[in-house]
């Protein structure tokens, strides 16, 4: 069950999972939770009624889905990123970009979502090592390109040259705001994104984005299918429990040539 298959990141994850599962001889019933936890819980019930052998879930709310998981019998493992460490990586990258001092704005994803909360906590934790970095404002872009653009325009209007050193977004949509900044010659601001779509890759190569945290939906989807296969075929020792965190490499102009983005957003 994918919580929202219209989201490019999650769609890429679902495709990778399905392809790997098919290769391993498993049949996949992919449900779209439509970004609504009630629908997602209902999807779990429907899948259980079909007597599936394993459930792979990407819920919009990892806490609210727990009762449905308990009904399913057993939580085997978690495959994905540590959103707290994701935020720490973004914070450290921003500190590097601005030389450890300056004013920073943060563009948040959907307020209250676990990634938004944990990534913000990670960014703030990273900045504790840099007393000369100040978070001057936070705005919400909801992980939406058009909102990221309007937020960036608003920030660049409020903060003239020399008064804002960086803008951090919690997702890949920062490439849109960064492109606008380049167009209006606001090269004084460093832009930090999250995730690594083909658009983010191009923006780093163009010098518009300073860098990003590469959380790969392909890695996550493929690993989920593999772990389900291992669990169902008597190879449980190959499944890392309780957590299988994916790597979160930093991609900047210095190493972008080594990383090819595998999905489009």
Working out 0.36 nm times the residue gap between residue 74 and residue 28, then minus their Cα-Cα distance, what length gain in nm do you get to one decimal? 14.6 nm
Per-residue Cβ contact counts at 10 Å, fewest first, order 26, 93, 13 as 26, 93, 13
Report for the chain the percent antiparallel among DSSP-assigned beta bridges with both residues inside it, nearest 5. 15 percent
Taking the number of other C-beta atoms within 10 Å as the exposure measure, put 44, 76 in order starting with the fewest. 76, 44
With each run of n ≥ 4 DSSP H residues scored as -39500 (n - 2.57), what mean residue ellipticity at 222 nm is computed for the chain after dividing by its residue count and rounding to the nearest 500 deg cm²/dmol? -13500 deg cm²/dmol
What's the center-to-center distance, using Cα atoms, between segment 176-208 and segment 147-161 in Å? 14 Å
Under the 0.36 nm per residue contour assumption, what length would be gained going from the current alpha-carbon distance of residue 135 and residue 258 to full extension? 41.1 nm
For the residue 114, residue 161 Cβ pair and Förster radius 41 Å, calculated FRET efficiency rounded to 0.05 is 0.70
On a C-alpha basis, how far is the centre of segment 1-76 from the centre of segment 218-251 in Å? Whole number, if you could? 15 Å
Sequence of 258, 23 once ranked by neighbouring C-beta atoms within 10 Å, starting from the fewest: 258, 23
Normalised per residue, the volume of the convex hull around the Cα set of the chain (Å³): 122 Å³
Rounded, prolate or oblate: pick one for segment 83-213, where a ≥ b ≥ c are the square roots of the eigenvalues of its C-alpha gyration tensor, a/c under 1.5 means rounded, and failing that, prolate if a/b is larger than b/c, else oblate. rounded
Taking Cα atoms only, helix 37-49 is inclined relative to the longest principal axis of the chain by an angle, in degrees rounded to 10, of 20 degrees
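Bear in mind these aren't lab numbers, they're just calculated from the coordinates by the rules spelled out. Given the structure is predicted, the values throughout are model-derived calculations rather than measurements. Using ideal geometry, Cβ is built from the backbone for each residue, glycine included, and neighbour counts are taken over all protein chains shown.
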